[in-house]
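Some notes on the structure that comes next.
Just so it is clear, none of the values below were taken in a lab; they were calculated from the coordinates. Treat the numbers as computed from the prediction; the structure is a model and nothing was measured. Note: ideal-geometry Cβ built from the backbone for every residue, glycine included; neighbour counts use all protein chains shown.
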Amino acid sequence: MTLENKLQVVTGGTSGMGLATAKALSEFGPVLIGGRNEERLNNALEELKSEGIEAYGKTCDVSKPESLKEFADYAETIAPIGSLINAAGVDFDVASPEAIVKINMLGTHYVLEAFIDKLDDSTVVNFSSITGYYYPAKPEDFEVWMNPDSDDFIEKTLELVPPIQDQRAAHLGESYMPYCCSKRFVMYYTMANTQRVAEKNNSRIISIAPGSFMTPMLATQEENLEIIRKGTAFKRLGEPDEMASLIKALLSPGHEYLTGCDIIMDGGKYATSMIKQME
């Protein structure tokens with residue numbers, strides 16, 4: 001497997017972990033970033049090019065298949081696809097439950113559908129979240145998730161989302177559990193497409209579950225940052241460059257057998273919150 005001189009595609013590549021990953025992967029080949037906001041896209045492109053990176057950009061909305069088709073067709077004109085990093089998404093404090101399902105869940109499906117026939121010894125990386133591990137997925141959820149193209153997918157998905165059980169999280173609002181659901185779906189969807197992706201000349205697909213990283217998305221939760229820091233083993237937030245470094249390492253030669261799984265990078269948040277720690 002090689003990424004050399006192939007195109008590194010990053011949706012949601014205009015800021016945070018997406019932009020950091022685009023920079024890291026530019027060592028392998030040209031980079032194409034996508035995002036909904038044209039101003040942020042142009043600013044990110046200017047930043048990449050100022051660092052000597054061969055960078056391209058195109059607006060795209062992962063919740064719209066037609067937008068992604070245009071994006072994927074444009075990508076194909078630049079170079080063969082080496083990696084496809086889907087970092088696009090919305091958080092629970094800025095989006096409605098319906099928008100979360102449309103962008104985080106259906107968007108993950110639409111991105112893969114747009115690129116699946118363009119993969120050739122390529123690697124797909126989806127961004128899940130440590131919050132996905134807190135979602136109690138049921139057989140009924142999996143049954144709905146198996147059919148993301150259903151007309152009533154959003155409605156059926158939200159009908160199965162339970163209310164917040166832990167009252168310590170009640171202040172997070174009505175979109176928190178749909179957000180957890182959306183990230184559990186990303187893990188499921190990644191695993192459910194393992195064989196399908198492998199058939200594209202041994203292409204791979206994985207998801208990565210970040211904990212709390214210092215990104216523009218997290219900055220909107222300023223009042224909770226100290227509590228978030230204390231919830232990790234290291235009492236700090238992750239840095240986007242740390243995530244980018246992990247992705248670059250996993251996509252480098254020597255990891256060809258790694259596919260169909262979710263990888264946690266959360267500073268120990270899940271371990272310390274779920275398992276009694278030894279003294």
Point to revise | J(HN,Hα) series, region 247-262, from Karplus relation 6.51 cos²θ - 1.76 cosθ + 1.60, nearest Hz, glycine and proline x | key: 4, 4, 5, 5, 8, 6, x, x, 10, 5, 8, 8, 7, x, 9, 10
Revision key, fill the gap. extent check for the chain: Cα max minus min per principal axis, descending, whole Å, gives 51, 41, 39
Revision key, fill the gap. Long-range amide H partners of residue 56, meaning residues 5 or more apart or on another chain whose placed amide H is closer than 5 Å, are 31, 32, 33
**Study point:** By average C-beta atoms within 10 angstrom, highest first, the peptides 52-60, 26-34, 270-278
**Key:** 26-34, 52-60, 270-278
Exercise for review: Take the cross-link list 64/200; 58/230; 156/230; 102/200 and give me the ones stretching past 31 Å between alpha-carbons.
Suggested key: 58/230; 156/230
Point to revise | Helical mean residue ellipticity (222 nm; -39500 (n - 2.57) per DSSP H run of 4+; nearest 500) of the chain | key: -11500 deg cm²/dmol
Review point. Quick one: Cα centre-to-centre distance for region 153-217 and region 29-87, in angstrom?
Key: 23 Å
Check your understanding: In straight Cα distance, which aspartates and glutamates are under 16 Å from residue 138, not counting same-chain residues fewer than 8 positions off?
Key -> 159
Check your understanding: What percentages, rounded to whole numbers, describe P(r) for region 122-268 computed over all alpha carbon pairs with 5 Å bin width beginning at zero?
Key -> 2, 9, 16, 19, 19, 15, 13, 7, 2, 0
Review point. Quick one: net charge of residue 272's neighbours, Cβ under 12 Å, K/R +1, D/E -1?
Key: +3
Review point. Can you list the lysines whose alpha carbon is less than 29 Å from that of residue 235, not counting same-chain residues fewer than 8 positions off?
Key: 23, 183, 248, 269, 276
